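Structure first, then comments.
The values are calculated or read from the model by the stated rules, or taken from the named source; none is laboratory data. All values reported here derive from a predicted model rather than from experimental measurement. FYI the Cβ positions are ideal-geometry reconstructions off the backbone, even for glycines, and counts take in every protein chain you see. Just so you know, the surface numbers come from the protein's heavy atoms only, side chains and all, with ligands and any DNA or RNA stripped out. Shrake-Rupley method; radii C 1.70, N 1.55, O 1.52, S 1.80 Å.
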Amino acid sequence: MSGSLGEFNAAGPFETRNFVDGEFVKSSSGKTFETVNPATEEVIASVEDSNATDVDAAVAAARRAFSDGSEWKTIFETRNFVDGEFVKSSSGKTFETVNPATEEVIASVEDSNATDVDAAVAAARRAFADGSEWKTMNASGRRDLMLKLANAIESNKEYLSKLESLDNGKPWKNGAYSAQIDLHLVIQCYRYYAGWADKLQGKHIPVDGEMMCYTRHEPVGVVGQIIPWNFPLLMQAWKLGPALATGCTVVMKTSEKTPLSALAICRLIQEVGFPKGVVNIVSGFGPTAGSPIALHMDVDKIAFTGSSPVGHKIMEMAAQSNLKRVSLELGGKSPLIVLPDADLEQAVSAAHIGLFLNMGQCCCASSRVFVHDDIYDKFVAASAAKAKEWKAGPQFEESSLHGAQVDKIQFDKVMGYIEKGKSEGAKCVAGGERHGSTGFFVQPTVFSEVTDEMTIAKEEIFGPVSSIIRFTDVKDAIRRANNSKYGLAAGICTRDIGTAVKMAGELQAGTIWINCYNNFDMAAPFGGFKSSGIGRELGEYGLANYTETKTVYIPMDGKY
C-alpha cells in the first residue's frame, strides 16, 4: 500500500543509509558501525558512520531548502512547468515577485530564457505529434480532462483566490469585485470550453458537379500564449480554454509581475492527468522569454494580451519568423457617453464600475466619460462622492474595495498621469494622491473639466483615474468618442432604446455596453477594433483563433 512501511520483520532488511537532500546516501568515508539487539547481543545491521563532511552536506541541503524562493520557504510553486514536470531555468537565474500591498518579496521565480522556451516548445511539439496520446485522444477525452481541471480549481478556489490577491494586490473577498469573482469566472471558462471540445464541426458544401465537399476544423498546432498581470488566472483560462478544447498544445509565458497563481494551476493540470507537454508554462520577462516564443520557428500561432506597443512588436516578430498566426487583445481608451435622459444613479454606477473595477487596471476601462452639459454638474458631484466612498486598503481586509496597483512601475506611471492632469488644467474633484505610505495604493481619482486635448483624455492610464468630459451634441460626442486609435469597448447611458441601438452601430468598438459596463460572459466574444487588437476571445468566436479550416473534395464516381 502507498505510504506504508510494510510488515515488520526482525531479520530485516532495514534502511541504514543517511537521508540527505531528499535522498538516501552513504557516508563520505564509506565507514559503518554496527547496531546490536540488546536481548540477543546479535548484530542487527551496519549503519553509516557519518563525519563532518556528511554533516556539511546535510546542513547545506537544509539551508537550500530554507533559502528565499525555495519551495519549503514560500509554500508556493515557483519553477517552470515543462513536459509535465516542474523544472528550474537553464541559467539558474531567478527574479523576485512582490506583494503590492506591503512591498515585501513573496518569492523568487525562475527567470526563463530562449533555452527554456526551446525546451517547452519541443515538449509541446512532441505532445502534438502524430500518434501521441493527446493527438489521438477522443474529443470527449479532452472534454473530460478540462472538466476535471475545472473541478480541481473549484476545490482549491480559496487557496487560488488568496494567492491571486497576494501576488496581484486586488481584494481577495468583499462586497464588490474581488479575486473570488475572478475564480468563479475562471471555473466557468474552463467548463464552457470543455463543452465545445466534442462539438467542433465542419460543413458540407454543395459545390458544382458530381463532387462531395466538406470542411474540417483542425487544431492549429503548437501555440504560444503571453498573458498579462491584471487578471492572471482569468487570462490564463481565456487562453488555455479554447486552445485545449480544439486540441492544440501550449507554451505560455506569464507576466513577470504575477507569476505564482498560473504555476499553482499547473500542479492541478499535472494531478488531473493531462498528457505531458500539452501545457507548458515559463516565467520571465518579455525580451528574454516572450520574444523567443514570438520568434520561434516551431510555434504555429501566438496569442498575446497586453499593451498596443508590444502588440505591434508581436506582429513584427511573427512576420520575421515563420509568419505564425496572430491574435491580439490590446489596450483601450474606452468612451462612455451619458445622455441627458439617462438614469443618473445607473449612469454614475456604470461609470464607476467601468473605471474603478480592478483598480482601473482593465483594458476596457471607461476612462473617457462624455456627459451631456444639462446633467454634467450633477453627474460630477455624484461620481466624486462615489469615488470618495470607495475604500482602499490591503487585499485581505474584507472592507477593502480598492487594492494596490500591481507594482511600483505602474504606481509611478499612474501618479505621473494624475500630476499631468492637474498641470494641464483638469479639476481633481476626488482622490489625486497616494493612499497611505506603504504599498502601491492610489486613491480613486476623478477629474472634471477635462478636454479632448489633455493627456489624460488621450493616453491609456491603466489606473484609477476617471476623466469626465462635457458635450452638447450627440453626433459630436460620437465623433469625439471615435477619435482615438483604440476601439476596444464603449458605453451608452440613455433611456431611449432606439437612440442607444443607433449609437451602438456608430461607435467603433468591439463591445458596447448600454446602461451597464464591464459585463462579461464566457459565451459572448470580446476583442477590439483598430489598435485594440486582432481577433476575438471567448464564445464560439474564440475557437477560430486555434483552428485551421481544411477543405476536402471527393468525386462521387461510384459505379453501380
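Here are some notes:
- When each of ILE302, ILE353 is tested for being of a type in the set (A, V, I, L, M, F, W, C) and not in a helix (DSSP H, G or I), the lone residue that passes is ILE302.
- Residue within region 54-70 that is in a strand (DSSP E or B), open to solvent by less than 80 Å² (accessible area, probe 1.4 Å) and either in contact with a His (Cβ under 9 Å, 6 or more places away or on another chain) or among the acidic types (Asp, Glu) (or both) present: no
- Count of residues meeting criterion [open to solvent by 70 Å² or more (accessible area, probe 1.4 Å) and among the hydroxyl-bearing types (Ser, Thr, Tyr)] in region 1-27: 1
- Once region 202-252 is narrowed to residues that are open to solvent by 10 Å² or more (accessible area, probe 1.4 Å) and of a type in the set (D, E, K, R), the residue that is nearest to VAL278 (Cα to Cα) is GLU218.
- Condition check for GLU154: of a type in the set (D, E, K, R), open to solvent by less than 70 Å² (accessible area, probe 1.4 Å) and at pLDDT 95 or above: no
- Across region 168-204, the number of residues qualifying as in contact with a strand residue (DSSP E or B) (Cβ under 6 Å, 6 or more places away or on another chain) and touching a residue at least 12 places away in the same chain (Cβ under 8 Å) comes to 3.
- Scanning region 411-437 for residues that are of a type outside the set (Phe, Trp, Tyr) and in contact (Cβ under 8 Å) with a residue 40 or more places away in the chain yields LYS413, VAL414, ILE418, GLY421, ALA426, VAL429, ALA430, GLY431, HIS435, GLY436.
- The residue that is farthest from LYS170 (Cα to Cα), among those in region 464-475 that are touching a Phe, Trp or Tyr at 6+ places or on another chain (Cβ under 7 Å) and not polar (S, T, N, Q), is PHE471.
- Close pairs from region 143-156: first more than 12 Å from ILE265 (Cα to Cα), partner aromatic (Phe, Trp, Tyr) and not in a helix (DSSP H, G or I), Cβ under 6 Å, at least 6 apart: LEU145/PHE274
- Tally of residues being assigned to a loop (DSSP other than H, G, I, E, B), among the polar types (S, T, N, Q) and open to solvent by 10 Å² or more (accessible area, probe 1.4 Å) across region 499-537: 5
- Search result, residues across region 389-403 that are in a loop (DSSP other than H, G, I, E, B), open to solvent by less than 10 Å² (accessible area, probe 1.4 Å) and either of a type in the set (Asp, Glu) or closer than 11 Å to PRO444 by Cα (or both): GLY403
- Pairs linking a residue in region 438-459 that is assigned to a strand (DSSP E or B) and at pLDDT 95 or above to a residue that is among the charged types (D, E, K, R) and surrounded by 23 or more Cβ atoms within 10 Å (Cβ to Cβ), with Cβ atoms under 9 Å and 6 or more positions apart or on different chains, are VAL450/ARG368.
- Pairing residues of region 389-402 that are under 14 Å from GLY432 (Cα atoms) and at pLDDT 95 or above with residues that are open to solvent by less than 50 Å² (accessible area, probe 1.4 Å) and in a loop (DSSP other than H, G, I, E, B), at Cβ distances under 6 Å and at least 6 apart in sequence or on separate chains, gives TRP390/LEU401; TRP390/PRO444; ALA392/PHE441.
- Sole exception among (1) surrounded by fewer than 18 Cβ atoms within 10 Å (Cβ to Cβ); (2) acidic (Asp, Glu); (3) part of a helix (DSSP H, G or I) for ASP182, by number: (1)
- All conditions but one from (1) within 22 Å of GLU453 (Cα to Cα); (2) out of contact with any helix residue (DSSP H, G or I) (no Cβ under 9 Å at 6 or more places or on another chain) apply to SER334; the one that does not is (2).
- Boolean, VAL117 is over 21 Å from GLY221 (Cα atoms), among the hydrophobic types (A, V, I, L, M, F, W, C) and within 19 Å of the chain's Cα centre (by Cα): no
- Of the numbered criteria (1) open to solvent by 70 Å² or more (accessible area, probe 1.4 Å); (2) in a loop (DSSP other than H, G, I, E, B), the one THR551 fails is (2).
- Just one residue in the set ALA477, ALA523 is within 29 Å of LYS427 (Cα to Cα) and touching a residue at least 24 places away in the same chain (Cβ under 8 Å); that residue is ALA477.
- Once region 416-454 is narrowed to residues that are in contact with a Phe, Trp or Tyr (Cβ under 6 Å, 6 or more places away or on another chain) and not hydrophobic (A, V, I, L, M, F, W, C), the residue that is most open to solvent (accessible area, probe 1.4 Å) is HIS435.
- Filtered by the rule that a residue be of a type outside the set (Lys, Arg) and under 19 Å from the mean Cα position of the chain (by Cα), region 293-303 gives ILE293, ALA294, ILE302, ALA303.
- Scanning region 338-388 for residues that are free of Cβ contacts under 8 Å to residues at least 60 places away in the same chain and surrounded by fewer than 22 Cβ atoms within 10 Å (Cβ to Cβ) yields a count of 13.
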